[in-house]
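Each remark here refers to the structure printed beneath this line.
The values are calculated or read from the model by the stated rules, or taken from the named source; none is laboratory data. Quick caveat: nothing in here was measured; it's all calculated off a predicted structure. Cβ placement follows ideal geometry from the backbone for every residue including glycine, while neighbour counts extend to all protein chains displayed.
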Amino acid sequence: MSEATISSLSATEPQSVAAVDLGSNSFHLVIARLENERLIVVDRIKEIVRLGGGLDENSNLTADAQTRALNCLGQFGQRLRDIPSSNIRAVGTNTFRKARNIVDFLPKAEKALGHSIDVITGREEARLIYESVCYGLSESKSNRLVIDIGGGSTEVIVGTGYDPHLADSLYIGCVSLSVARFPDNRISEKGMLRAELDAQLEIRAIHRQFRDHGWDKVLGCSGTIKAVSEALRYLQWSDGTIDIESLHRLRQEILRLKHTSELVNLGFEPTRCEVLPGGLAILCALFEWLEIELMQISDFALREGVMYDLLGRLRNDDARQRTVMSLALHWSIDDVHAKRVRELALDMYDQVEGDWFANTSEARSLLGWAATLHEIGLSIAHAKYHQHGAYLLQFSDMAGFSKPEQSALAILVGSHRRDFPVQFSATTTHLRIRILKRLCVILRLAVLLHRPRTNRADLSVRCSAKKKKFLLVFPIDWLNQHPLTKADLSREKMYLRQAGFKLQVSMPH
């Protein structure tokens, strides 16, 4: 299926969007245009990169794997050159999460692609997959189980209609398992049994919770599952759906073979053969432990989910905003106070944007979310609540957020008071460290100026910034009328000086 209905589109919206899915087995690029309220795919590019197979014994990406990836990303970058950057989103999955040297590789990958890459969590990957598969279906209130077997991880999601209820990402995929249990591409019953046991050990942790939820329909997507479906159709054992009997029959036929290269005789594509045995073992284990009888196939996968999510952001229907508001409600944040801090922070941002944040995307949104959630740690304890808040945001499941975005948000919340951290995390590669520190300065000042937690209707602040200097201009005699705030600003000058910033405060006489 190459199109899906998108409602309520306006003529002013972008006419093309692109999604890049950087998986552990293959890289995908999808480009679509908006036409008559439909998202129509106009181009697809797929390259087998085997990035997950390029991890050495220390979980570092080898030089060969990096070269394969960079060559592919360079080709993708050429195709994306004429599409506005705001209409593109690229995501990295399991291998990007797992590689220990990803901090060194990621800048090179982004340079080759010509665009930033969001490293997403396993559960965020699962959410996007579910969103994609369900967009390809008619609206329904039935329960759905969605499964995607990737190169380095397997996503399992169950939900009702378009809303996922349970989502998990298992640390097992077709590339990693094939490399571990089928060395030199040799097929054996012993290897299959070991691979299935590996998969069962992962599935065991989640199977009861998912089975207790229940579902009416099972949908599978992506490489391994679609390859099995096509093989069953080729062998004339099914119409493309996967049932338990045909799956077991295919397993037995595969075990008659000695080498993965022979799998082409069963209808498998040559590029899929090397990683098929591991993927099949995972699929068999899922059928057994989740008691699946029949699985239908979806043509949609992660890349379409990334595209729909991007489209939502462009239409001001951002999953990240919904997540922030949900967290604020769950942790009983004082929404009146948070709103005051957010409004002042965004006002100061707008005043200095040209000098401090030119050509920077999404920094303003990140500042607003940090202001909304800056007191999230109070639900744990007042002492060091900023540090508690940072911990919560760093390790919570936050739908819509990439790992670097989540890390940056946690850093801002953890740095909004007391000592200004001199060293920032190297994982925040989607924002330059300089930009993140500047956002931190603004957030700290917005929180400080609203420390009394009252409606300061008389507070009007003008500000300007240049390089490491930040100037605040208050109304005539305002600071003299608020001596505690004046004292707080004097102390803040010291904190900011330690981080290399110079805060200047002016009050006309």
Scope region 56-67; condition touching a residue at least 12 places away in the same chain (Cβ under 8 Å) and out of contact with any helix residue (DSSP H, G or I) (no Cβ under 7 Å at 6 or more places or on another chain); matching residues: 58, 60
Test: residue 305 is under 17 Å from the mean Cα position of the chain (by Cα) and free of Cβ contacts under 8 Å to residues at least 12 places away in the same chain: no
Filter result for residue 138 (modelled with pLDDT under 90 and over 18 Å from the mean Cα position of the chain (by Cα)): yes
Residue 119 being within 27 Å of residue 396 (Cβ to Cβ) and among the β-branched types (Val, Ile, Thr): yes
Selection count, region 253-268, where residues are under 13 Å from residue 232 (Cα atoms) and either in contact with a Lys or Arg (Cβ under 6 Å, 6 or more places away or on another chain) or surrounded by fewer than 16 Cβ atoms within 10 Å (Cβ to Cβ) (or both): 3
Residue match in region 233-241 (condition: surrounded by 21 or more Cβ atoms within 10 Å (Cβ to Cβ) and either touching a residue at least 40 places away in the same chain (Cβ under 8 Å) or assigned to a helix (DSSP H, G or I) (or both)): no
Single residue of region 478-493 satisfying the filter (within 16 Å of residue 454 (Cα to Cα) and polar (S, T, N, Q)) that is surrounded by the most Cβ atoms within 10 Å (Cβ to Cβ): 485
Complete set of residues in region 1-35 that are surrounded by fewer than 19 Cβ atoms within 10 Å (Cβ to Cβ) and at pLDDT 65 or above: 15, 16, 33, 35
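Yes or no, residue by residue, for (1) touching a helix residue (DSSP H, G or I) at 6+ places or on another chain (Cβ under 6 Å); (2) modelled with pLDDT of 95 or more:
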| residue | (1), (2) |
| --- | --- |
| 341 | yes, yes |
| 349 | yes, yes |
| 354 | no, no |
| 368 | yes, yes |
| 376 | yes, yes |
| 382 | no, no |
| 390 | yes, no |
| 396 | no, no |
| 422 | no, no |
Any hit, region 155-163, residues being touching an Asp or Glu at 6+ places or on another chain (Cβ under 8 Å) and under 19 Å from residue 25 (Cα atoms): yes
Filter result (more than 21 Å from the chain's Cα centre (by Cα) and of a type in the set (S, T, N, Q)) within region 19-58: 36, 58
Qualifying residue in region 96-113 (condition: touching a His at 6+ places or on another chain (Cβ under 7 Å) and crowded, with 21+ Cβ neighbours inside 10 Å): no
Check on residue 283, aliphatic (A, V, I, L, M) and either surrounded by fewer than 22 Cβ atoms within 10 Å (Cβ to Cβ) or at pLDDT below 95 (or both): no
Total residues in region 187-216, condition surrounded by 13 or more Cβ atoms within 10 Å (Cβ to Cβ) and either touching a strand residue (DSSP E or B) at 6+ places or on another chain (Cβ under 9 Å) or not hydrophobic (A, V, I, L, M, F, W, C) (or both): 16
Qualifying residue in region 60-71 (condition: of a type in the set (Val, Ile, Thr), at pLDDT 95 or above and assigned to a helix (DSSP H, G or I)): yes
Whichever residue in region 107-134 is within 26 Å of residue 220 (Cα to Cα) and among the acidic types (Asp, Glu) and, among such residues, is modelled with the lowest pLDDT: 131
In region 250-261, the residues that are within 37 Å of the chain's Cα centre (by Cα) and either without any contact (Cβ under 8 Å) to a residue 24 or more places away in the chain or not in a helix (DSSP H, G or I) (or both): 259
